[in-house]
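Working notes for the structure below.
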Amino acid sequence: MQLHDKNFIPYLSEADVLAAVQKVADAVAADYQNETPIFVGVLNGSFMFVADFLKAYPHPCEVSFVKMSSYQGLTSTGIVETLLDVSEDIEGKSVIILEDIVDTGRTLKELIHMFSDINIKEFKIATLFYKSEIYTGEYTIDYFGMKIPDKFIVGYGLDYKELGRNLRAVYQLNQPHMINLVLFGKPGAGKGTQAEFLKEKYNLKHISTGDLFRYNMSNDTELGKLAKSYIDRGDLVPDEVTIKMLQDDVEKNPDASGFIFDGFPRTTAQAEALDAFLSTKNMKINATIALEANDEVLIQRLLERGKVSGRTDDQDEDKIRNRFKEYNQKTAPLKDFYEAQGKFHSVNGIGAIDEITQRLAKVIEEL
C-alpha cells in the first residue's frame, strides 16, 4: 500500500488492534469501578482508540480532548505544540490520558506540564501502542495495549502526512534492504546504460571510478591533486586514494538505498579493500553482476559506437580485442573471489535494453 511517496506493509490486523483496546479498557475498568474518571484523548491520532475504548469501558465516565503534535512526516521534530487545550472543569477528578502511541515521551512530558497547575485527584497514562525500547520519559506508563518495536506505523488513527488514519488495520513502513552491487562487463556490454536504469528503479547511487577521477581532478580537490601527481609521473594511483574517493562519495549520499560500484574493484586486493571500507559503515557488497556477451557482438557494437562517439579506441578492432583480453585477465580472479562468497552472478547482456534490465532486476529482487 502506498501513501504519498512511501510504501507500507501489513503489521497488525483489525482483530489484533481491538484485542489490545479491550486489554486497556479492562485494566482501567478494574481500577475505577467506584468513581467516574475523565478520559482525555490526545488528538489527532487517538480518535479511533478513544471511540473503541469508550465502547469497551463498562462504567460511567467523562471525555475530553487535547491536541498536540511533535511529528512532521516520518520523524519527530522534538518540538511539541499545543493546539487544543484541556477544558477547565477537571479539578478534583481522576484523569486518564488516552494516547494512541507512546515513543520518546516528549508529548507526555508536555501533557503532564499542562496538568501540573490543575488540582486533579489522580493522573494516569494509558496508551494503545508502547515503544518501550525508545521511551525516555520519566513517567510511568500505567496501561498499554501492546509493546511494539521502533517501527513507523500508520492506520487506526495514525498517519503519514495525514493519510492512513482511516485504515482499520495497522501497517508498517516497508524499509527496503540496502543493496550494494559491483557491476562487471566488457567494453560495450552496456554497464553504463543499465546502471542508469537500476539506480532509478532501486534508488541506488551509481559510483563510476572514471567519473570520480574526472570530478576530483577537474575540481582540483586534494584527492584530485594527489591522483594527478601519480598519473603525471606515469605511476598507478594507489588503491587507498581511489578508496578515499569512494568513501567521500558514499558519505555524500546517506539517503541512497545502496550503491552500484562501476570500474572498481579491478583486482582482488581492491575487492578486499572495498570490503574493509564497507564494513566500517556496517555495509557489504550484496552481489556482483557480470553482463556477459559474445565478443564478436560486442566488437560490432563498439565499432558502431565509435562512428558516433569519435573515440579512437572504439574504431580499431585490434585495440578492442586487447581491451577484452585485459578485462578477462583482471576479472577472472575477481570472479573467483566473489564466487567464494556466493555473490557472483552472470547475466546475459545481449537483447533489448529493457529485457536486460529485467534480467538484472530478477537477480536484485531475489536478494
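We did not get these values from a lab; they are worked out from the coordinates using the rules stated. Here the structure is a predicted model, which is why all the values come from computation and not from measurement. Using ideal geometry, Cβ is built from the backbone for each residue, glycine included, and neighbour counts are taken over all protein chains shown.
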By counting other Cβ atoms within 10 Å of each Cβ, how are ILE118, ILE153 ranked from fewest to most?
ILE118, ILE153
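Based on alpha-carbon atoms only, what is the radius of gyration of the stretch 179-365 relative to the globular estimate 2.2 N^0.38 Å?
Values: Rg = 16.6 Å, N = 187, 2.2 N^0.38 = 16.1 Å.
Dividing the Cα radius of gyration by 2.2 N^0.38 Å gives 1.03.
Take every Cα pair under 8 Å in the chain that's 6+ residues apart, average their separations, divide by the length, and report that relative contact order as a whole percent.
Values: 590 pairs, mean separation 52.7, N = 367.
Relative contact order of the chain: 14 percent.
Run the numbers for LYS281 and LEU43: contour at 0.36 nm per residue of separation, minus the present Cα-Cα distance, in nm.
Details: separation 238, 0.36 × 238 = 85.68 nm, distance 3.95 nm.
That pair, LYS281 and LEU43, stretches by 81.7 nm at full extension.
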At 0.36 nm per residue, and after removing the present C-alpha to C-alpha distance, how many nm does the segment from GLU62 to ASP211 gain when stretched out fully?
47.0 nm
If you stretched the chain out fully between ASP117 and ASN328, how much longer would it get, using 0.36 nm times the residue separation minus the C-alpha to C-alpha distance?
68.2 nm
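How do LEU367, LEU173, LEU108 rank when sorted from fewest to most other Cβ atoms within 10 Å of their own Cβ? Don't skip to the end; give the middle numbers.
Values: LEU367 11, LEU173 16, LEU108 23.
By the 10 Å Cβ count, ascending, the order reads LEU367, LEU173, LEU108.
For the stretch 217-366, with only Lys/Arg (+1) and Asp/Glu (-1) charged at the beta-carbon, what is the dipole magnitude about the Cα centre, in debye rounded to 20?
Working: 21 positive and 29 negative charges, 21 e Å.
That gives a dipole near 100 debye.
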Only Cα pairs within less than 10 Å get springs; with that Gaussian network setup on the chain, which residue of GLY351, GLY192, GLY258 has the largest fluctuation?
GLY351
For PHE144, the residues 5 or more places away or on another chain with a placed amide H closer than 5 Å to its own amide H are THR127
Of PHE53, GLY192, ALA20, which is farthest on the positive side of the dipole of the chain, counting Cα position, with +1 on Lys and Arg Cβ, -1 on Asp and Glu Cβ, and the Cα centre as origin?
GLY192
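For the stretch 2-173, calculate the relative contact order in percent as a whole number, restricting contacts to Cα pairs under 8 Å that are 6 or more residues apart.
Working: 345 pairs, mean separation 47.5, N = 172.
Relative contact order for the stretch 2-173 comes out at 28 percent.
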Hey, fewest Cβ within 10 Å first, where do VAL42, VAL308 land in order?
VAL308, VAL42
Label-point separation, ASP16 to SER309 (7 Å along Cα→Cβ), nm:
5.2 nm
How big, on average over all directions, is the shadow cast by the Cα convex hull of the stretch 2-173, in nm²?
9.2 nm²
In degrees, nearest 10, the alpha-carbon axis of helix 14-31 is tilted away from the dominant principal axis of the alpha carbons of the chain by 30 degrees
How high is the FRET efficiency between ARG233 and ASN203 when r is their beta carbon distance and R₀ equals 30 Å, given to the nearest 0.05?
0.15
Out of residues 5 or more away from GLY185 or on other chains, whose amide H comes under 5 Å of its own, with H placed 1.01 Å from N in the peptide plane?
LEU291
For the stretch 158-163, just list the computed ³J(HN,Hα) in residue order, Karplus coefficients 6.51, -1.76 and 1.60, θ = phi - 60°, integers in Hz, with x standing in for Gly and Pro.
7, 10, 10, 6, 6, 9
As a Kirkwood estimate from alpha-carbon pairs, the chain has a hydrodynamic radius in angstrom of 25.2 Å
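Counting Lys and Arg as +1 and Asp and Glu as -1, each charge on the Cβ, what is the dipole of the stretch 155-283 about the Cα centre in debye, to the nearest 20? It would help to have the intermediate numbers written out before the result.
Numbers: 16 positive and 18 negative charges, 87 e Å.
In total the dipole reaches around 420 debye.
At R0 = 30 Å, how high is the FRET efficiency between ASP142 and GLU162 if r is their beta carbon distance? Nearest 0.05 is fine.
My answer for the efficiency is 0.50.
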Distant-in-sequence amide H partners of ILE179 (H built 1.01 Å from N, under 5 Å)
GLY258, PHE259
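Going down the list LYS330/LYS362; LYS6/LYS244; LYS205/LYS362; LYS23/LYS109, which pairs span over 30 Å between their C-alpha atoms?
Working: LYS330/LYS362 26 Å; LYS6/LYS244 33 Å; LYS205/LYS362 19 Å; LYS23/LYS109 25 Å.
Among LYS330/LYS362; LYS6/LYS244; LYS205/LYS362; LYS23/LYS109, the Cα-Cα distance tops 30 Å for LYS6/LYS244.
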Please identify, among GLY263, GLY310, GLY224, the residue showing maximal mean-square fluctuation in a Gaussian network model of the chain using a 10 angstrom Cα cutoff.
GLY310
Using only Cα atoms, tell me the angle between helix 209-218 and the longest principal axis of the chain; keep it within 0 to 90° and round to the nearest 10.
90 degrees
With θ taken as phi - 60° and the coefficients 6.51, -1.76 and 1.60, list the Karplus ³J(HN,Hα) couplings across the stretch 284-296 in order, rounded to whole Hz; mark glycine and proline as x.
7, 6, 8, 7, 10, 10, 9, 7, 9, 7, 5, 4, 5
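As an exercise, use a Förster radius of 51 Å and the Cβ-Cβ distance of ASP316 and GLN247 to find the FRET efficiency, rounded to the nearest 0.05.
On the way: r = 36 Å, r/R0 = 0.71.
Plugging the Cβ-Cβ distance into 1/(1 + (r/R0)^6) gives 0.90.
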Might you report the magnitude of the Cβ-based charge dipole of the chain about its Cα centre, with Lys and Arg at +1 and Asp and Glu at -1, to the nearest 20 debye?
1180 debye
